[in-house]
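The values are calculated or read from the model by the stated rules, or taken from the named source; none is laboratory data. For clarity, every value in this text was computed on a predicted model and none was experimentally measured. Note: ideal-geometry Cβ built from the backbone for every residue, glycine included; neighbour counts use all protein chains shown. Side chains are part of the model used for accessible areas, which takes the heavy atoms of the whole protein and leaves out ligands, DNA and RNA. Shrake-Rupley method; radii C 1.70, N 1.55, O 1.52, S 1.80 Å.
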Amino acid sequence: MKRLSRECEGPADSCKRARQPAEDPGDLLSNWARLPQEILLHIFQYLPLLDRAFASLVCRGWNQAFHMPELWRCFEFELNQPASSYLKATHPDLIKQIIKRHSNHLQYVSFKVRGSLTNHAELKGTAHPEIKFLSHFISALTVVFVNSKSLSSLKIDDTPVDDPSLKILVANNSDTLKLLKMSSCPHVSPAGILCVADQCHGLRELALNYHLLSDELLLALSSEKHVHLEHLRIDVVSENPDQQFHTIKKSSWDAMVRHSPKVNLVMYFFLYEDEFGPFFRDEIPVTHLYFGRSVSKEVLGRVGMNCPRLVELVVCANGLRPLDEELIRIAERCQHLSAIGLGECEVSCSAFVEFVKMCGRRLSQLSIMEEVLIPDHKYSLDEIHWEVSKHLGRVWFPDMMPTW
């Protein structure tokens, strides 16, 4: 039809179409330049630092958007593998210029390393190319700590941050820092994290590895100068076969709970069964407990005896011995328990029904794999969901492993 319509056009129509001017590339640029700053801000938030800087050179409007305070409240440093890292091409002067100009706007900063980097201590005196990127990363981190004055949230994952860097952070942000999350930072010592707790009295949320936890840290978080702690997350990870875990005194835990009675103490365990020796020997105020590897009946028995504040329990794996007694003990002693998840474990149907009956309707989350439940003389797998649903006051079914 288009071909026929063009064949029917007269000479006047053809001349009119020929006289239509082509779009001026300058007009297209001016249209982009007239984008509202709210839209530009949304676009810039998805760009890496270097791409943002290049985009700011397009026109005056984009440069103004580049320096909008809202764009720099949240700042993320990410160090990838050398071949793909955009920080590799980012000149330190650019970072310094941006941070110094927007230091008053920084509130949420995150540092992370993508991919595996060789230990920094092993690189000294070598020509390894990753030295350049690690030193660049540390330089950028130090610039942020030196110039920022109002950081409220800081996340540091798998980075070479060290005690001197934390002291700089504390010197400039002690009045504003409320959240600090640190994961896999081998160059930070218990003394370094203690310095943060001693100076940052407004710290409400803290996440760190167990090797940084100490009695002195808990007492510092419990001082009269310190605000009530709301969330403390501890990751207990086995990093080598001969690793030894220290014990935290019951008096230190008690001091923390007296000062912050509503604190959520979250603990993630990634240990082997023979590494649980120092844990749960005395009462511990843990509220959320996750076992990422197999955990023995003995340890779960100690959990039932010594974790009266427990709210959530997740057990990913256990041996072949049923956990009937341990589950009943947890229901008896952990009066606040409202969520439980069981993976590769075994529990008799009768014991499970008794557990649910004891906990009642406060069990808001009940995630149990069907393979966990062992039929007995009282209940079969077809019958148990009716009995459990009756005690929960809602319809419940065990989770099923997908088949594909």
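Within region 335-383, the set of residues being surrounded by fewer than 20 Cβ atoms within 10 Å (Cβ to Cβ) and under 27 Å from the mean Cα position of the chain (by Cα) comprises His336, Ser338, Ala339, Gly341, Gly343, Glu344, Ser364, Gln365, Ser367, Met369. Of the residues Ile330, Ile374, the single one that is under 23 Å from Arg302 (Cβ atoms) and in contact with a strand residue (DSSP E or B) (Cβ under 9 Å, 6 or more places away or on another chain) is Ile330. Of the residues making up region 294-317, at least one is open to solvent by less than 10 Å² (accessible area, probe 1.4 Å), under 30 Å from Arg204 (Cβ atoms) and in contact with a Gly (Cβ under 8 Å, 6 or more places away or on another chain).
To keep it simple, each residue is scored yes or no on (1) surrounded by fewer than 18 Cβ atoms within 10 Å (Cβ to Cβ); (2) under 22 Å from Arg204 (Cβ atoms); (3) out of contact with any Ser or Thr (no Cβ under 6 Å at 6 or more places or on another chain).
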| residue | (1), (2), (3) |
| --- | --- |
| Glu230 | yes, yes, yes |
| Asn240 | yes, no, yes |
| Gln243 | yes, no, yes |
| Lys250 | yes, no, yes |
| Lys262 | yes, yes, yes |
| Met267 | no, yes, yes |
| Leu271 | no, no, no |
| Pro278 | yes, no, no |
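Looking only at residues in region 39-63 that are within 22 Å of Tyr108 (Cα to Cα) and open to solvent by less than 20 Å² (accessible area, probe 1.4 Å), the one that is modelled with the lowest pLDDT is Leu49.
Lys378: among the charged types (D, E, K, R) and not in a helix (DSSP H, G or I), yes or no? So Lys378 fits the description; yes.
Within region 239-262, does at least one residue satisfy the condition of being acidic (Asp, Glu) and under 23 Å from the mean Cα position of the chain (by Cα)?
Yes, that holds for at least one residue.
Restricting Leu180, Leu203, Leu169, Leu151 to residues that are assigned to a loop (DSSP other than H, G, I, E, B), out of contact with any Cys (no Cβ under 7 Å at 6 or more places or on another chain), without any contact (Cβ under 8 Å) to a residue 40 or more places away in the chain and among the hydrophobic types (A, V, I, L, M, F, W, C) narrows the list to Leu203.
Conditions tested, residue by residue: (1) touching a strand residue (DSSP E or B) at 6+ places or on another chain (Cβ under 7 Å); (2) basic (Lys, Arg); (3) under 20 Å from Asn173 (Cα atoms).
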residue	(1), (2), (3)
Gly192	no, no, yes
Cys195	no, no, yes
Leu219	no, no, no
Ile234	yes, no, no
Ser238	yes, no, no
Ile248	no, no, no
Tyr272	yes, no, no
Val286	yes, no, no
Ser294	yes, no, no
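For region 160-193, filtering for residues that are touching a Pro at 6+ places or on another chain (Cβ under 6 Å) and either open to solvent by less than 50 Å² (accessible area, probe 1.4 Å) or aliphatic (A, V, I, L, M) (or both) leaves 0.
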